[in-house]
């Protein structure tokens with residue numbers, strides 16, 4: 001007798017009657033746009049959605065050790081596919097199926113099983129020791145980076161970035177800016193009044209550098225996340241809800257504040273934004289001091305190249321901003337002091 005196909009339910013391998021554990025009718029199909037990765041996803045989904053293995057667990061890994069197999073030792077590989085960008089392996093064991101998808105910077109491991117305890121155990125064995133933790137550097141600070149993934153929805157990636165102490169970078173800013181940032185660096189949760197932090201000024205004046213330094217200064221009480229697609233964040237209510245009200249991953253339940261950084265948001269907050277951006281501006285304001293932000297320790301930091309006069313009045317109204325700092329260039333005297341009068345470029349300042 002020929003052996004049963006591994007991805008037909010055991011009953012369907014020998015007859016056409018639906019399996020008794022199948023909770024819903026199921027039909028999976030592939031189109032011209034499907035890839036071999038998609039096909040392997042569908043095979044895993046078949047076992048889960050049919051009810052054969054109705055419990056699932058998954059884990060995302062940021063940096064994976066090159067030698068990590070991402071499979072438990074008792075799994076048998078059924079399918080494997082590799083291309084220039086990523087690889088996918090589908091394997092099974094007694095009562096479970098595991099898919100390990102790997103790309104250059106990370107991996108996703110998904111397990112379906114006959115019960116939840118088994119799914120949890122298999123996942124733990126598959127990813128044990130697989131993630132590579134970078135060696136922390138004295139000037140590094142951990143930041144999160146959010147984006148809306150077509151496959152995984154809202155997704156947060158953690159990275160350690162270089163951030164010098166404020167005392168070292170302070171001379172790079174004009175006196176009014178440095179004094180304003182001095183006050184920010186000393187801020188504690190008890191000092192928070194407004195929820196919006198606005199840095200505006202010409203390109204190249206150090207707005208982003210100041211925010212990196214702020215992340216370092218606040219790291220004991222505030223988790224800093226950069227949103228890579230802010231225009232999508234405020235035009236997609238589901239994405240916004242996941243970030244602002246969703247599960248607080250990554251802070252260990254410590255109750256830290258969160259600072260969401262939105263860079264170069266000129267179109268969102270300029271004077272004509274209410275007309276041009278539709279509901280996006282309203283949702284931003286609602287996050288800072290409306291119902292959406294109630295009970296959430298969330299700050300929003302925005303950088304823009306716009307002049308203050310061109311910003312929407314609702315954004316800069318009194319009480320909304322925790323700080324509003326114009327980051328401008330150094331004065332001539334400050335630039336000469338920064339260069340040193342003997343510097344070859346001093347004559348052109």
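For segment 140-333, report the % of Cα-Cα distances exceeding 20 Å. When all Cα pairs of segment 140-333 are counted, 54 percent exceed 20 Å.
Please state the shape class of segment 172-239: rounded when a/c is under 1.5, otherwise prolate if a/b exceeds b/c and oblate if not, all from the C-alpha gyration tensor. Oblate, because a/c is 1.5 or more while a/b does not exceed b/c. Highest mean packing first, where packing is the average number of other Cβ atoms within 10 Å per residue, the peptides 80-89, 93-102 line up as 93-102, 80-89. When both bridge partners sit in segment 140-333, DSSP labels roughly 30% of those beta bridges antiparallel. Packing around the peptides 60-71, 40-51, taken as the average count of other Cβ atoms within 10 Å per residue, puts them in this order, highest first: 40-51, 60-71. Put simply, when 140-150, 211-221, 310-320 are sorted by average Cβ atoms within 10 angstrom per residue, most first, you get 211-221, 140-150, 310-320.
Bear in mind these aren't lab numbers, they're just calculated from the coordinates by the rules spelled out. Note that the structure is predicted; figures quoted are calculated from it, not measured. Cβ sites come from the backbone with ideal geometry, for glycine too, and all protein chains shown count toward neighbours.
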